[in-house]
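First the structure, in the form of structure tokens, and then the observations on it.
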Amino acid sequence: MTTPHSSHWLQPAFDDPVLDAQVSFRAALAALAEPGLAQPMARAHTLGDLTPATYGLCLAFLDSDTPLWLAPRFDTPLIRANLAFHCGCPIVAEREIALFALLDESELDDLSDFDNGSERYPDQSCTLLIQLDDLHAGPALRWRGPGIKDVRSVSLPLPASFWQQRQARNAFPRGLDCFFAADGEVIGLPRSTHVLIETEEAA
């Protein structure tokens with residue numbers, strides 16, 4: 001699918017581009033620094049099927065140096081045109097070369113093709129931006145690791161296959177950093193966080 005260049009598709013991303021971009025970027029960093037703790041991310045407008053939180057993550061992180069892979073749900077002329085205009089990010093068809101991936105629930109069963117970095121360059125792994133319907137409607141998960149005092153209970157509605165896939169792709173310092181977005185909230189999950197479901201360590 002090619003990106004249309006017509007201004008017909010373009011929409012404003014923020015009401016106050018400078019302030020809203022700064023607030024969104026700080027919220028994204030806070031989500032990663034305090035894993036499992038929901039952060040407000042409601043400054044961006046809705047863009048097609050992208051909620052304000054998901055679009056805010058895109059605007060915070062994507063630029064001309066960050067190849068992006070789009071789930072089919074988000075691969076639309078409207079979203080392509082606005083990401084190209086506001087972020088300048090190249091959109092790629094190959095998961096293997098993406099530095100960011102924009103996913104929904106239907107794409108969480110197989111993460112094998114996303115780059116999880118290398119021992120020498122773990123920071124070159126793909127970051128997953130995952131849009132969910134809700135961030136608090138799943139089974140209770142116990143998260144431990146940097147940025148968490150003791151343990152944090154998190155209730156993301158994710159299939160067991162996601163945690164199996166994450167475990168298979170995580171061998172610290174290698175791994176996939178994740179952000180989960182719904183409506184106007186975002187939760188960060190860095191590769192350094194250990195996630196336990198009930199009594200069994202899942203990731």
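The values are calculated or read from the model by the stated rules, or taken from the named source; none is laboratory data. Bear in mind the structure is a predicted one, so any value in this text is a computation, not a measurement. Cβ coordinates were reconstructed from backbone atoms using ideal geometry, including for glycine residues, and neighbour counts include every protein chain displayed. SASA here: full protein model, heavy atoms, side chains in, ligands and nucleic acids out. Shrake-Rupley method; radii C 1.70, N 1.55, O 1.52, S 1.80 Å.
Taking amide H positions as modeled 1.01 Å from N, with prolines and chain starts lacking one, no residue 5 or more places away or on another chain lies under 5 Å from His136.
Normalised per residue, the accessible area of the chain is 47 Å², obtained with a 1.4 Å probe and no contribution from ligands, DNA or RNA. Annotation: amide H-H contacts under 5 Å for Ile91 (H modelled 1.01 Å from N, sequence separation of 5 or more, or interchain): Leu68. Would you work out what percent of the accessible area of the chain, with all protein chains in place, is carbon or sulfur (probe 1.4 Å)? The nonpolar share, carbon plus sulfur, comes to 52 percent. In the chain, the longest principal axis of the Cα atoms and the axis of helix 52-61 are about 90 degrees apart. Note on the chain: Kirkwood radius taken over Cα pairs, Stokes-Einstein applied at 10 °C and 1.306 mPa s, translational D equal to 93 µm² s⁻¹. Ranking Ser118, Pro40, Ser106 by how far each Cα lies toward the positive end of the dipole of the range 31-150 (charges on Cβ) leaves Pro40 at the top.
Counting helices only, and only those DSSP H runs with n ≥ 4, report the 222 nm mean residue ellipticity of the chain as the sum of -39,500 (n - 2.57) divided by its residues, in deg cm²/dmol to the nearest 500. Estimated from H runs of four or more residues: -7000 deg cm²/dmol. Modelled spin labels at Ser155 and Asp49, positioned 7 Å past Cα toward Cβ, are 2.6 nm from each other. Using R₀ = 41 Å, calculate the FRET efficiency as 1/(1 + (r/R₀)^6) where r is the Cβ-Cβ separation of Val18 and Ser112; round to 0.05. So the FRET efficiency works out to roughly 0.55. Across the range 81-203, the relative contact order, built from alpha-carbon pairs under 8 Å that are at least six residues apart, equals 24 percent. Phi angles across the range 148-156 convert, under the Karplus curve 6.51 cos²θ - 1.76 cosθ + 1.60 with θ = phi - 60°, into 3J(HN,Hα) values of 10, 7, 6, 8, 10, 8, 10, 10, 6 Hz, Gly and Pro given as x. Taking GluC sites (Glu not before Pro) across the range 110-203, the ones in a DSSP loop with at most 13 further Cβ atoms lying within 10 angstrom of their Cβ are Glu119, Glu198.
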